[in-house]
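*Asks:* Once you've had a glance at the structure underneath, I'll fire off some questions.
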Amino acid sequence: MATAPKEAENAIDLEEIHTERQPPPKGQKTFTVEEAVETIGFGRFHIMLFLIMGSTGVAEAMEIMLIAVVSPLIRCEWQLQDWQVALVTTMVFFGYMVFSVVLGLLADRYGRWKILLLSFLWAAYFSLLTSFAPSYIWFLFLRAMVGGGVSGHAQGLIIKAEFLPTKYRGYMLPLSQVFWLAGSLLIIGLASVVNPTIGWRWLIRTASIPGILLILVFKFIPESARYNISTGNVAAALATLRRIAKMNGAAMPEGVLREPAKERRGRFKDLIHPKYLRTTLQIWIIWLGIAFAYYGVILASAELLERDLICGSTAPPVQGSGDDSEESHSPCHCHLFGPAAYQSMIISTVGEIALNPLNILSINFLGRRLSLCITMGCTALFFLLLNICTSSTGLIGFLFMLRALVSANFNTIYIYTAEVYPTTMRALGMGTSGSLCRVGAMVAPFISQVLMSASFIGALCLFSSVCVVCAISAFTLPIETKGRALQVCI
């Protein structure tokens, strides 16, 4: 089947096209990328975009959640103490935090598509190397490098947002949570089969496969037209928009594609401008607290199941195993997950999608601030309920609700942060919030895996207190974005 040469150009070819910036003749119609995206509307291209770029969440979830299901095995193999196990997760997020800034800057300079491809190659390479780690120190270093690679996966979300028409963004963001859930369930399911049979090293190798497969389909997604137009590459942006219009069976706007006027963007001092200073500080607190609670729930779930801390389980776990080996009495709590533990983790993980429909209704009818305040307050309550003497079913129920609530918190703060800042500082606002998010994630392992061992109720009270602070901060945010048009500048 013959196609025009222009249609055959892939994303890399498009970026090589450069044209001089010339104003259109007087009286000639012009349009912007924003107007073209809105005119073309939602169609086949966006469905493909949603599936491919959304699937980056599957690969990211598998790499991030991997530590939760591998921790018991590396604890046993290298006889690790609690703080050493916690440090593995912390180093993953340290790598994520550092390289997210670097890759974000590179994406603004060289393009989202290239950095996304680089990040997947990077993460897959170091993840595979991790499976050959000869020692704990090597494992620590390599997982930190994996975290750095995974940080670039955020470019998939940016590409998706920059191609979606405005009215669809509010729905697509919460729906993207399905991909994270799929990745989380997939890694737990794989762990239940691979860990007891061929070991954790093969689990890591298997977990790298989705990321490698995604690399093969990236060629179907072009570079962001908004990025191309911002660099003056008008021809590439126009070719991309025409390709999307053809796939969607829609017409392009009449006229000539116009490059928007240049503005000073991404200045840190704008975040602390008097108009946004209070909002910025409160958003940072909320992002840090939500990440702290989210990863605290995940790691606390693993610790509860690994240590068999269900109320009423008075018999030492070693008695039921029939193994009186030195490993069973290890001070490193060398208790491997059984089928029931993996089943419990799957059930609690499914909770992440349970409140999605209600969360979408809440943020659209109650508003972003009140919705976030309610879910953060409920999160604080359910952290305290974990201390109640209950059965295995009761514990799983509490964990299920916690996962549902912390997921709803993330959905709401993502939408609020994207809406509250003007266009000239929106990416910077999201970027700095993401960095604070990783700080909370880095601290969480030491509470879930170290403090919880010393004082169970103390750890739960700390998690709960942070959630209360976030709830108050959400309720007192000075700007409500429900029904508010996106701002262009300060």
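*Asks:* Count the net charge of all other residues whose Cβ sits under 13 Å from the Cβ of L66, scoring Lys and Arg as +1 and Asp and Glu as -1. Don't jump to the answer; show the numbers that get you there.
*Replies:* Working: positive: R143, R201, R205; negative: E60, E63.
The answer is +1.
*Asks:* Could you work out the Rg to Rh ratio of the range 30-262, with Rh taken as the Kirkwood radius (inverse of the mean 1/r over all Cα pairs)?
*Replies:* Details: Rg = 20.1 Å, Rh = 19.0 Å.
Rg/Rh for the range 30-262 comes to 1.06.
*Asks:* Let me ask you something else. Express the accessible area of the range 30-262 per residue in Å², computed with a 1.4 Å probe while the remaining protein chains stay in the model. Spell out each step's value before the answer.
*Replies:* Details: 8890 Å² over 233 residues.
Using a 1.4 Å probe on heavy atoms only, each residue of the range 30-262 averages 38 Å².
*Asks:* Step through the table entries K114/K160; K167/K275; K160/K219, compare each Cα-Cα distance with 18 Å, and write down the pairs that go over it.
*Replies:* Details: K114/K160 15 Å; K167/K275 27 Å; K160/K219 15 Å.
Distance filter (> 18 Å) returns K167/K275.
The values are calculated or read from the model by the stated rules, or taken from the named source; none is laboratory data. Owing to the predicted nature of the structure, the values given are computational and were not obtained by experimental measurement. Note that we place each Cβ from the backbone using ideal geometry, even for glycine, and neighbour counts take in every protein chain shown. What goes into the accessible areas is simple: the full protein's heavy atoms, side chains included, and nothing from ligands, DNA or RNA. Shrake-Rupley method; radii C 1.70, N 1.55, O 1.52, S 1.80 Å.
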